[in-house]
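Okay, so here's the structure we're looking at.
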Amino acid sequence: MWDLVAAVAGPPVRLFVLIIVLSAAALAADFVVPQFREWTRLFLLVSAGAAAMGPAIDAVRMMDGLVGKMTGLFLGIYPVLAAGMAAAGGALSLINWNPAVFLFVQGAVVIGGKWMVPLLIVSFILDYLSRLVPEIPFTRISEMIRVTLLGAISVIIACYSLFITATGAMAWSSGSAIAEPIKALLRQHVPLVGSFITDTMGVVGKYSSGMAPIAGSYLIVALLVTSLTPVAYVLLTAFLYKWIAALCEPFAHEDLAGLFDDIGKTLFVLCGIMLVVAFAIFYTAILSIVLIKVIAGAG
Amino acid sequence: MWEWIAGLIWLIGILAVTGAVLGQDERENFMPLMKLAVLLYILRLFTSSD
């Protein structure tokens, strides 16, 4: 866990040090040569802005790579999985799976790769350009992109919830009395995507508690940790951007603090997309395990 | 689409440098002209066939 935190925190901490150095240089330049104030601001925004994009674009590219791998995995494994399920007969009644879920998993991955990642990068760029020339703002377009993406994610998650809970076999049994306050806390305090996180947690929880007798609870926990690690990575990066924005607000140029704030906001949306992909990974792994069990005659 | 975004980055970059060259007062006068350039560029997105 601490390895993950150290790996995530490294680039933003270096970025923060760079911002401090650049801001100090800009403040000194403003004091010594006030007539070049415009140029100082331009150089500060270009250098610090380009550096700020680094960790954010890294997170988006990680997501892009993950989605690409998932697409390959789905295309390879799903026909085999579906055929095996059909051939095994009893599997259909055993886990109450629905073939339409394949469509949603595939759809989520394709939409995530083809539309969401490019739109997020465009959103980063438009935020940056609006800070570069404040008189020509693109803030509403990038806000609209974020809101549209959040809407699309919420529809996909709602569809998952419908399909998983409609089968009725799974119940959220693992200590809901403890889980509810944690959910309420997350919903209120994680900006933008808090309710998505809790909803997906509920869906995954329901599904995994239904699957635990078949696949084994240790395996379920291992799968959950593996599939949710990228989500944790993006969430931590988003919070680090928010913290950098808060810390450098008193002394850095106000456009820089605003830029970090906007990057943080966009990364929270990316975190929502990652949740959908994480759920797709989890679902595929579980289905593969169930299929192997059925074929081996242990299910 | 990506070509259009790359072009937009160039355009805004040129406008930012022009704004810095002109200075605060002159910049105010030239801003309508700059906005017109951005408007024409956005129109290109809708008129281009691809």
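The values are calculated or read from the model by the stated rules, or taken from the named source; none is laboratory data. Keep in mind the model is a prediction, meaning the values are calculated, not measured. Cβ placement follows ideal geometry from the backbone for every residue including glycine, while neighbour counts extend to all protein chains displayed. In case anyone asks, the SASA skips ligands and DNA or RNA and just uses the protein heavy atoms, side chains included. Shrake-Rupley method; radii C 1.70, N 1.55, O 1.52, S 1.80 Å.
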Hey, can you tell me all the residues within the range B:15-25 that are more than 14 Å from A:P134 (Cα to Cα) and within 11 Å of chain A (Cβ to nearest Cβ)?
B:V21, B:L22, B:G23
Looking only at the range A:260-282, count how many residues are more than 30 Å from B:A16 (Cβ to Cβ) and either hydrophobic (A, V, I, L, M, F, W, C) or surrounded by fewer than 23 Cβ atoms within 10 Å (Cβ to Cβ) (or both).
11
Restricting to the range A:66-79, name every residue that is more than 11 Å from A:V277 (Cα to Cα) and either aliphatic (A, V, I, L, M) or under 13 Å from the mean Cα position of the chain (by Cα) (or both).
A:L73, A:L75, A:I77
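Per-residue answers, yes or no, for (1) touching an Asp or Glu at 6+ places or on another chain (Cβ under 9 Å); (2) at pLDDT below 80; (3) open to solvent by less than 10 Å² (accessible area, probe 1.4 Å):
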{"residue": "A:I182", "(1), (2), (3)": "no, yes, no"}
{"residue": "A:P191", "(1), (2), (3)": "no, yes, no"}
{"residue": "A:M201", "(1), (2), (3)": "no, yes, no"}
{"residue": "A:K206", "(1), (2), (3)": "no, yes, no"}
{"residue": "A:G216", "(1), (2), (3)": "no, yes, no"}
{"residue": "A:L235", "(1), (2), (3)": "no, no, no"}
{"residue": "A:D255", "(1), (2), (3)": "no, no, no"}
{"residue": "A:G258", "(1), (2), (3)": "yes, no, no"}
Flag if A:L4 is hydrophobic (A, V, I, L, M, F, W, C), modelled with pLDDT under 75 and over 30 Å from A:A238 (Cβ atoms):
no
The one condition in (1) over 23 Å from B:V17 (Cα atoms); (2) of a type in the set (A, V, I, L, M); (3) without any contact (Cβ under 8 Å) to a residue 12 or more places away in the chain that A:I20 fails to fulfil:
(3)
Restricting the range A:46-61 to residues that are of a type in the set (V, I, T) and open to solvent by 30 Å² or more (accessible area, probe 1.4 Å), the residue that is modelled with the highest pLDDT:
A:V46
Out of curiosity, is A:L92 over 26 Å from the mean Cα position of the chain (by Cα) and at pLDDT 80 or above?
no
Return a yes/no flag: does the range A:33-45 have any residue that is touching a Phe, Trp or Tyr at 6+ places or on another chain (Cβ under 9 Å), of a type in the set (V, I, T) and buried (at least 19 other Cβ atoms within 10 Å of the Cβ).
no
Residue check, A:V46 within 30 Å of the chain's Cα centre (by Cα) and within 16 Å of A:H253 (Cβ to Cβ):
yes
Counting only residues that are out of contact with any Ser or Thr (no Cβ under 8 Å at 6 or more places or on another chain) and surrounded by 15 or more Cβ atoms within 10 Å (Cβ to Cβ), which one in the range B:26-36 is farthest from the other protein chains (Cβ to nearest Cβ)?
B:R27
With the condition kept exactly as written, say whether any residue in the range B:41-50 is at pLDDT 80 or above and facing chain A (nearest Cβ under 9 Å).
no
